[in-house]
Structures are given as structure tokens and as C-alpha cells.
1. If I go through the stretch 35-69 residue by residue, how many of them are more than 12 Å from the ligand (Cβ to nearest atom), of a type in the set (Lys, Arg) and either more than 19 Å from the chain's Cα centre (by Cα) or over 27 Å from GLN104 (Cα atoms) (or both)?
2. Could you give every pair whose Cβ atoms fall below 7 Å, whose first residue belongs to the stretch 1-20 and is in contact (Cβ under 8 Å) with a residue 40 or more places away in the chain and at positive phi, and whose second residue is near the ligand (Cβ under 8 Å from one of its atoms) and in a helix (DSSP H, G or I), counting only separations of at least 6 or pairs across chains?
Amino acid sequence: MKALIVYYSMSGNVKQTAQQIAGATGADLLALYPVKAYPDKGAKKFLWGGKSALMGDKPKLQPYIFNAEKYDTIILGFPVWASSYAPPIRTFIEDNREALADKQLAAVVCFMGSGDGRALKKLKKSLGVDSLKAELVLNEPKSQPKEAVAAKVEEFCAALKAE
Ligand SMILES: Cc1cc2nc3c(=O)[nH]c(=O)nc-3n(C[C@H](O)[C@H](O)[C@H](O)COP(=O)(O)O)c2cc1C
């Protein structure tokens, strides 16, 4: 398996998890950054990002290099925003639909309380698939005991590698 983790992270939970998976599997990392960064403080943080997710926005992304042919597995990592996946992931999916079509797909989801199931459902719909090779759902992993998070990451990595 050669995997790429494509992720968006506002406050580091998804980023930390992506790095742990990369460490365990040798996967490469590709971080997505919107050209216009979402506010990450104060009332605007939830308002702008939440509205953007609800509206189904496709924010323009800073240039990135995605060498699809190098990978058989693409892991999409994102925080839940308004019970959906964070909008930069939508831009990535739409811009790379053809390249993603023949890949094994997996997801890494960080959330705070609810909407994880709906976000995953929406992700699968956007990808046009019924299921993913593996799913990792973590509640604010930066604030959780390291051992508990590590066990879930390990389980995810095993599912990724399974035939
Ligand atoms: C705009 C916005 C909307 C959010 N909406 C939800 C939500 O619907 N459900 C939820 O459980 N958490 C929600 N969260 C919390 C994040 O999903 C959670 O804090 C996640 O761990 C953040 O990942 P990150 O640190 O990689 O950005 C929201 C956060 C933001 C900024």
C-alpha cells in the first residue's frame, strides 16, 4: 500500500492524527490551505466556517501538488463542520474526481460532539461510493489520553492494510 493523507485542519486535531498515521504507515501528507483562511478565533470561527459548510462552498485552495499515480490509497482527513466535512475537502474532491476514481479511499474525521455520521455520509455521497476502506473518527484527539487515541489510530492503520 502507498497512501497519501490529504487533509484540512484548522486547529491541529486532524493534523496531529494525520501525522500519527503517516508515522505508522509511511503515508505521505498533503495539507490543504484555502487561499482565504477561515477565521479561527472568536464568534466568526463557527459562523463563517459553519455557513461555508452549510452552503456547500468550494473555497479556492492554495496551489498544491497531487501526484495521484504514486498512490493506491487516498485518506481524506477533515474536521466536522456543521455536520458535514470541512469545505476545502469538497474543493479537493471536485478538482480531482477522475484521479480519485480508481483509488482505495479512507477517511479521518475529528469532531467535538455530533455530526460525524452525517459528515461521513455526505463525504461518501460526494465521492460516489457506498463504503470506505477504513474510517477513523476521533473526538478532539488533542485533548484525549494519548494511549486511547493511539489504539484507535493503530486499528485504523490495520484496516487500511487489510486485503
Ligand atoms: C466552523 C466549525 C464548525 C464545527 N461544527 C461542528 C459540528 O457540527 N459537530 C462537531 O462535533 N464539531 C464541530 N466543530 C468542531 C470540530 O469539528 C472539532 O473541534 C475538530 O476536532 C477540529 O479539528 P481541527 O483541530 O483539525 O481543526 C466545528 C468547528 C468549526 C470551526
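A short reminder: the numbers here are calculations on the coordinates, not readings from a lab. Being a predicted model, the structure only gives us computed values, none of them experimental. Glycine also receives a Cβ, built like all others from the backbone with ideal geometry; neighbour counts cover every protein chain displayed.
1. Residues meeting the conditions: 1.
2. Correct list of pairs: GLY12/LYS142.
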